[in-house]
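Here is the structure we will look at, set down as structure tokens.
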Amino acid sequence: MEPMLYCLPPWTHSRENLTILLKAHPSIQFVSLVAVDLGGNDTDEKIPISLFIDEMERFFNVGVQTDGSSVVLHGIATLNNAKVDLVPDLSVNWFVDYNYDHICSSTGLPIGTLRIPAFLVHNSKKVDSRSILKRAIDYFTSEIKVLFNQYPHIREDLNISMEENIDDIVLTSATELEFWVKTPGDSADEEKLSTSQMLKEQYWKRTKGSVRTALEETILLLNKYGIEPEIGHKEVGGVSAKIGVNGKLNHVMEQLEIVWRYSTAIQAADNELFIREIIEETFKRHGLEVTFMAKPIEGVAGSGKHIHVGVGIRLNSGRYINIFTPKNKNTDYMSILGWGGLSGILRNYEVVNPFITSTNDAFNRLKPGFEAPVCIVSAIGHSADIPSRNRTVLIGLIRDINNPRATRFEVRSSNPSTNTYLALAALYQTMIDGIKAMVKSGMTSKELEIEFSKGQGEEKFYLEKDRVYRSEEDVFEYYTEEERRSMFGIPPVTVWENIKNFDLESYKIQILCSGEVFSQAIIDSYRQATITQWVTELIGRIIPDNIDLVRSCKKIHSEDTTNELDEVNWKNVNELRNCLMKDSLDRKALFSRMREGIELENYDLTSKLQLEMNEKITLLKQLYITYRRNLFEEGSEEGSYFWH
């Protein structure tokens, strides 16, 4: 038997098997039930393994009680009704999380904690992110089975005979995780990073030193957990590290990406949650700091987390069929069900987006020019026989003529802070809505291609008249901003604008609530939690950070070396400083007006002022750099803090 146990698959989740395994690995000394609240936060607690073994049946059936005020369940777990139970999920893999800084005295091995994915139960209802995804999967699979029974032409479209029956429907998913890594205490020089990015000096380059070691160790660890990593590499962001006097690299500032094999939907989300911990802890052991922020540095590439979704069915004949792959891969892009899934997401994306982009940091990434999609539009390829990829659209169709199982959708707008459980649940709900509409239309795959490729103003039976849903062009270069807004809709640019779509597109909420997957209470709770996080960050972090930045833009020229241009440059800087921060008897500064808007819960005004603040802060940085460049005097270091 291996000295360290990494993964316990579902077949081990019985009292007999678990008792044998855990007693054979005494370095595993704790258990933690891991539930994910509506804010994407996962629980962690230390329960002695001996107690778990002695009371295993109770853990399985009842779980552990906790106080709901400690998790994000606004309006659900209230102060006068706060009891929440954490109930284990026996159907997925359980991982052992090892503390390499704490060694077991009897075995000489790291102390391990068995992490058991769990559901949050309040008033006998599961109200957590994992349970919402579980309900979405169940609803999607049940509706697909009904469609196969009622509409035989689906079988013909997928080349499935009437004698073949469905044994199982498998919803598959995978995420690609990007992140920045640096040596602690270093700050970023935005100009150097931007130049390196434009020259593509870092993309796919060789990793070196501690970064290479940490990346390799991470990939080897993921293999031990059975997660099957496929690739780890440098991304576009970063600058070359320097060699210190000790011969080791310092001033590390690099962007990396790790990709692993797809899995079933809940398992894929569980894997990602655990992988983030592995990455952070492994790089930390090598003296490196990791951030999963979407946009840690302004003006430099942010970090995405593309979400891939696919659906397959297992037939009693032994065949496995990807339901998005057409019968004729050389002439058709997708099957009827594929057109339905893609149409459903795009038509209803306004109520999906709040679950994908929910933070100030995430919106900092979604700006034209950095390959971050902001337009509700898809690309399916220039021709059916030669698959292509368009990196400027919201959702891409991924195809491989030689691998019919590979057909899937790539959602490119998500970021490392996206709650994958809720995002997948919303995607599946909108997909099945579109699938049902396309199947019931009776149209062929070719006819649905024409429907999907509609022009602006064309009336169609499902897609909205004034919108365009397909473009094979670079949407940022080929169209003007006015054309994009007219054809693809006006994208939200703040958290408030995004969350308002729950009200503006309220009829689409019914799609999320179909099959009792979401509920109005859950959507209201998520809405409240998102707004609370938004305004709390503004008041407690963003405005104070910007105040520090304003104060750091000091006058540094001396009278004997200055000229008229320096005076004009400084005047421009100082006027903007005053506009942002300095109140007077007859005028309040922008920061003060933002605080007032938040206190009055005038979120339309707050959102508008946030955009104005962002523009002025960006301008202030530019003006101050211009001012400093013309001076002989040395000021503070140019650049901004890397991340907070």
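For Asp138, Asp332, what ranking results if the residue with the fewest other Cβ atoms within 10 Å of its Cβ goes first?
Details: Asp138 13, Asp332 21.
Listed from fewest to most nearby Cβ atoms, that is Asp138, Asp332.
Return the distance in nm (one decimal) between the two label points of a simple spin-label model at Ile490 and Thr626, each offset 7 Å from Cα along Cα→Cβ.
Those two pseudo-labels are separated by 3.0 nm.
Per DSSP helix of 4 or more residues, -39500 (n - 2.57); summed, then divided by the residues of the chain. What does that give at 222 nm, rounded to the nearest 500? The partial results should precede the final answer.
Details: 23 runs with 257 residues, N = 644.
Calculated from helices alone, the mean residue ellipticity at 222 nm is -12000 deg cm²/dmol.
Taking only the alpha-carbon atoms of the range 314-450, what semi-axes of the equivalent ellipsoid follow from 5 times the gyration tensor eigenvalues under a square root, in whole Å, largest first? Spell out each step's value before the answer.
Details: eigenvalues 144, 58, 41 Å².
In descending order, the three semi-axes are 27, 17, 14 Å.
Rounded, prolate or oblate: which one fits the range 392-486, using the alpha carbon gyration tensor with axes a ≥ b ≥ c (rounded when a/c is under 1.5, else prolate when a/b beats b/c, else oblate)? List each step's numbers first, then the result.
Working: a/c = 1.38, a/b = 1.04, b/c = 1.33.
It is rounded, given that a/c, with a ≥ b ≥ c, falls under 1.5.
Hand me the tally of lysine pairs in the range 1-153: alpha carbons under 29 angstrom apart, and the pair either on different chains or 8 or more positions apart.
Going through the range 1-153 pair by pair, I get 13.
Can you return the lysines within cross-link range of Lys192? Criterion is Cα-Cα under 20 Å, with same-chain partners fewer than 8 residues away left out.
Lys182, Lys200, Lys205, Lys208, Lys234, Lys242, Lys295, Lys621
Which shape class applies to the range 442-528: rounded if a/c is under 1.5, otherwise prolate when a/b exceeds b/c and oblate if not, where a ≥ b ≥ c are the square roots of the Cα gyration tensor eigenvalues? Don't skip to the end; give the middle numbers.
Details: a/c = 2.82, a/b = 1.35, b/c = 2.09.
Oblate.
Enumerate by residue number the trypsin sites (Lys or Arg not before Pro) in the range 367-449 meeting two conditions: DSSP loop (anything except H, G, I, E, B), and at most 16 other Cβ atoms within 10 Å of the site's Cβ. It would help to have the intermediate numbers written out before the result.
Numbers: sites: Arg389, Arg391, Arg399, Arg405, Arg408, Arg412, Lys436, Lys440, Lys446; in loops: Arg389, Arg391, Arg399, Arg412.
Taking the range 367-449 and a limit of 16 other Cβ atoms within 10 Å, the loop trypsin sites (Lys or Arg not before Pro) found are Arg389, Arg391.
Would you mind calculating the relative contact order of the range 450-544 from Cα pairs under 8 angstrom and at least 6 residues apart, reporting the percent as a whole number?
Once divided by the residue count of the range 450-544, the mean separation gives 17 percent.
Enumerate the residues in the range 11-45 having an amide nitrogen under 15 Å from the point lying 7 Å beyond the Cα of Leu90 toward its Cβ.
11-19
Any idea how far apart Val146 and Arg15 come out in nm if each label point goes 7 Å out from Cα toward Cβ?
Calculated label separation equals 3.9 nm.
Between Lys440 and Lys83, what's the calculated FRET efficiency when r is the beta-carbon distance and R0 is 41 Å? Round to 0.05.
The formula returns an efficiency of 0.40 here.
Hey, rough spin-label estimate for Ile53 and Arg389, points 7 angstrom out along Cα→Cβ, what's it come to in nanometres?
A separation of 4.8 nm, rounded to one decimal place.
Just how many % of Cα pairs in the chain lie over 38 Å apart, if you round to the nearest whole percent? Each step should come with its number before you reach the end.
Numbers: 82077 of 207046 pairs.
Of all Cα-Cα distances in the chain, 40 percent exceed 38 Å.
Express in whole angstrom the spacing between the alpha-carbon centres of the range 136-170 and the range 404-419.
24
Going by how many other beta carbons lie within 10 Å of each one, how would you line up Cys579, Cys375, fewest first? Provide the component values of the computation, followed by the final result.
Numbers: Cys579 16, Cys375 22.
Neighbour counts put them in this order, fewest first: Cys579, Cys375.
Enumerate the aspartates and glutamates that Lys508 could reach by cross-link, defined here as Cα to Cα under 12 Å, with residues fewer than 8 away along the same chain left out.
Qualifying aspartates and glutamates at Cα under 12 Å: Glu350, Asp433.
Is any residue of the range 23-57 close enough, with backbone N under 18 Å, to a label point placed 7 angstrom from the Cα of Glu2 along the Cα-Cβ axis, and if so, which?
Counting backbone N atoms under 18 Å from the label point, the list is 23-29.
Normalized C-alpha radius of gyration of the range 116-158, against 2.2 N^0.38 Å?
Values: Rg = 15.6 Å, N = 43, 2.2 N^0.38 = 9.2 Å.
Dividing the Cα radius of gyration by 2.2 N^0.38 Å gives 1.69.
Starting with the highest mean, order 500-507, 213-220, 377-384 by the number of other Cβ atoms within 10 Å, averaged over the residues of each peptide. Let's see the in-between values first.
Details: 500-507: 13.9, 213-220: 17.6, 377-384: 19.2.
In decreasing order of mean packing, 500-507, 213-220, 377-384 become 377-384, 213-220, 500-507.
For Asn41 and Ser552, calculate 0.36 nm times their separation in residues minus their Cα-Cα distance, and state this gained length in nm to one decimal.
On the way: separation 511, 0.36 × 511 = 183.96 nm, distance 3.43 nm.
Contour length minus the Cα-Cα distance gives 180.5 nm.
Please report Asp101, Asp89, Asp270 as a ranked list, fewest other C-beta atoms within 10 angstrom at the top and most at the bottom. Spell out each step's value before the answer.
On the way: Asp101 10, Asp89 21, Asp270 25.
Ranked by crowding around the Cβ, least crowded first: Asp101, Asp89, Asp270.
What value does the range 530-629 have for Rg/Rh, both radii from Cα atoms and Rh as Kirkwood defines it? Write down the numbers at each step before the final one.
Values: Rg = 15.4 Å, Rh = 14.6 Å.
When Rh is taken as the Kirkwood radius, the ratio is 1.06.
Going Cα to Cα from Lys555, which aspartates and glutamates come in below 19 Å? Please leave out same-chain ones fewer than 8 positions away.
Glu564, Asp566, Glu567, Glu575, Glu633, Glu634, Glu637, Glu638
Averaging sequence separations of C-alpha pairs under 8 Å and six or more residues apart, then dividing by the length of the chain, give the relative contact order as a whole percent. Walk me through the intermediate numbers first.
Working: 1137 pairs, mean separation 85.3, N = 644.
Value for the chain: 13 percent.
Read-outs: derived from the displayed coordinates by stated rules, not from any lab. As the structure is a computational prediction, the values presented were derived from the model and not from experiment. In this analysis, Cβ positions are derived from the backbone assuming ideal geometry, glycine residues included, and neighbour counts consider all displayed protein chains.
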